[in-house]
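Asks: Below is one structure. I have some questions about it.
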Amino acid sequence: MLDRQFCAKGAVSMALWDILGKRLGAPVSTLLGGALRRQIAVLWPLSSGTADEDMQVIDTRAAQGFSHFMLKMGSAPVAEDIARVTALEKRYGRSIRLIADANQGWGHEDALTFLRGVAGSSLEFIEQPLVRDDIAGMAALAAESAVPISADEAVIGLTQAAQLAQAGAARVFSLKSSKNGGPLRAQKIAALAEGFGIQCYMNSMHEFGITQMASFQHAATIRNLFDFGHAFMSTLRLAEDPTDFSTLIDKAVITLPDRPGMGLEVDADHVAAMAQGSFGMIR
């Protein structure tokens, strides 16, 4: 599978960038052209659920400094998702900022109904409302929607990015170093996006600090970075990250370290223990 190949290539790419940076005594962001920013706001995701459940999480995380949130959608009836956005805006007004991610969960009619239902809201974009291969459908939604459309699963490599851009199917690209084959490939997609006036949002899966840092080192260099919190919270949701990535996050803001390479400290004993626990003795 293409995306599996890219994930494997991305892992090798990250290791090589780290080695090169350490050999040259320079951060990966410098090797990618130079950091334009040293801090980026971090978002917090809200699972598919009710507005009341969202509010409990928002209130807890707001006390920790989070004000940018992603709403997971696509599994509930569209009318309920529209009501969810309305209820959150009524409760919080402009004190929080929201994006929504449908994870390819809607057909065209449901997506159009949602986009029309939130047209007067402050929702900043809706991510991947349709299946990733439906570029024409995404373009049709983008042409009619007042809310920007973001492409995530549809943006794997440079070819797909170019097809989306040429079709006018998205105003935001969701980038992941793991998904896109490493920071250099992701950088090429970001450059293409800039040429088309498309902004970039740094997304993540459930990832350890190494892939999170690869995305962060790249994000620091992007001119067309979307003005919103980005998904650098993965390690805060995991119990056994073997890196010190989480220590870079304070009050929902992540700060770029000055250390060479990826800029991470990795607990090799922790990695070995995890590998042995999952796969048996490593020889």
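Asks: Since ILE222 meets every condition but one in (1) touching a strand residue (DSSP E or B) at 6+ places or on another chain (Cβ under 9 Å); (2) in a helix (DSSP H, G or I), which condition does it not meet?
Replies: For ILE222, the exception is condition (2).
Asks: ILE210 versus (1) open to solvent by less than 10 Å² (accessible area, probe 1.4 Å); (2) assigned to a helix (DSSP H, G or I); (3) among the aliphatic types (A, V, I, L, M): which is the lone unmet condition?
Replies: Condition (1) is where ILE210 drops out.
Asks: ASP54 is checked against (1) out of contact with any strand residue (DSSP E or B) (no Cβ under 7 Å at 6 or more places or on another chain); (2) acidic (Asp, Glu); (3) surrounded by 20 or more Cβ atoms within 10 Å (Cβ to Cβ) and fails just one. What number does that condition carry?
Replies: The single condition ASP54 does not satisfy is (1).
Asks: Considering each of ALA136, ALA169, ALA190 in turn, give the residue that is modelled with pLDDT of 95 or more, in contact with a strand residue (DSSP E or B) (Cβ under 9 Å, 6 or more places away or on another chain) and part of a helix (DSSP H, G or I).
Replies: ALA190
Asks: Just checking, how many residues over the stretch 139-162 are open to solvent by less than 50 Å² (accessible area, probe 1.4 Å) and in a loop (DSSP other than H, G, I, E, B)?
Replies: So the count comes out to 9.
Asks: Still on this model: Considering the stretch 86-122 alone, what residues qualify as being under 17 Å from ALA231 (Cβ atoms) and hydrophobic (A, V, I, L, M, F, W, C)?
Replies: ILE96, LEU98, ILE99, ALA100, ALA102 - these are the residues of the stretch 86-122 that are under 17 Å from ALA231 (Cβ atoms) and hydrophobic (A, V, I, L, M, F, W, C).
Asks: Hey, another quick one. Only one of PHE226, PHE216 is closer than 16 Å to ALA252 by Cα and either buried (at least 24 other Cβ atoms within 10 Å of the Cβ) or of a type outside the set (Asp, Glu) (or both); which? It would help to see each step written out before you state the result.
Replies: Details: PHE226 fails: closer than 16 Å to ALA252 by Cα.
Result of the check over PHE226, PHE216: PHE216.
Asks: Moving on. Please verify whether ASP258 is open to solvent by 50 Å² or more (accessible area, probe 1.4 Å) and without any contact (Cβ under 8 Å) to a residue 12 or more places away in the chain, treating the condition exactly as stated.
Replies: no
Asks: Give just the number: which of (1) at pLDDT 95 or above; (2) of a type in the set (S, T, N, Q); (3) more than 21 Å from ASP227 (Cβ to Cβ) does SER47 not satisfy?
Replies: It fails just one condition, (1).
Asks: So, one more: Could you tell me which residue of the stretch 115-124 is least open to solvent (accessible area, probe 1.4 Å), considering only residues that are out of contact with any helix residue (DSSP H, G or I) (no Cβ under 7 Å at 6 or more places or on another chain) and free of Cβ contacts under 8 Å to residues at least 60 places away in the same chain?
Replies: Initial filter on the stretch 115-124 (out of contact with any helix residue (DSSP H, G or I) (no Cβ under 7 Å at 6 or more places or on another chain)): 116, 119-120, 124.
Filter once more, so that each one left must be free of Cβ contacts under 8 Å to residues at least 60 places away in the same chain: 116, 119-120.
Values: ARG116: 145, ALA119: 49, GLY120: 82 Å².
Restricting to residues being out of contact with any helix residue (DSSP H, G or I) (no Cβ under 7 Å at 6 or more places or on another chain) and free of Cβ contacts under 8 Å to residues at least 60 places away in the same chain, the top hit is ALA119.
Asks: Return the residues of the stretch 21-40 that are among the hydrophobic types (A, V, I, L, M, F, W, C), in a loop (DSSP other than H, G, I, E, B) and open to solvent by 20 Å² or more (accessible area, probe 1.4 Å); say none if nothing qualifies.
Replies: ALA35, LEU36
Asks: Scan the stretch 238-246 and give yes if some residue there is in contact with a His (Cβ under 9 Å, 6 or more places away or on another chain) and open to solvent by 40 Å² or more (accessible area, probe 1.4 Å), otherwise no.
Replies: Yes.
Asks: While we're here: Quick one: would you say SER75 is within 19 Å of SER47 (Cα to Cα), loosely packed, with under 15 Cβ neighbours inside 10 Å and in contact (Cβ under 8 Å) with a residue 12 or more places away in the chain?
Replies: Taking the combined requirement at face value, the residue satisfies it.
The values are calculated or read from the model by the stated rules, or taken from the named source; none is laboratory data. Being a predicted model, the structure only gives us computed values, none of them experimental. Here Cβ is always computed from backbone atoms with ideal geometry, including for glycine, and neighbour counts include all displayed protein chains. Each accessible area value is taken on the protein alone, full model and side chains, heavy atoms only, with ligands, DNA and RNA left out. Shrake-Rupley method; radii C 1.70, N 1.55, O 1.52, S 1.80 Å.
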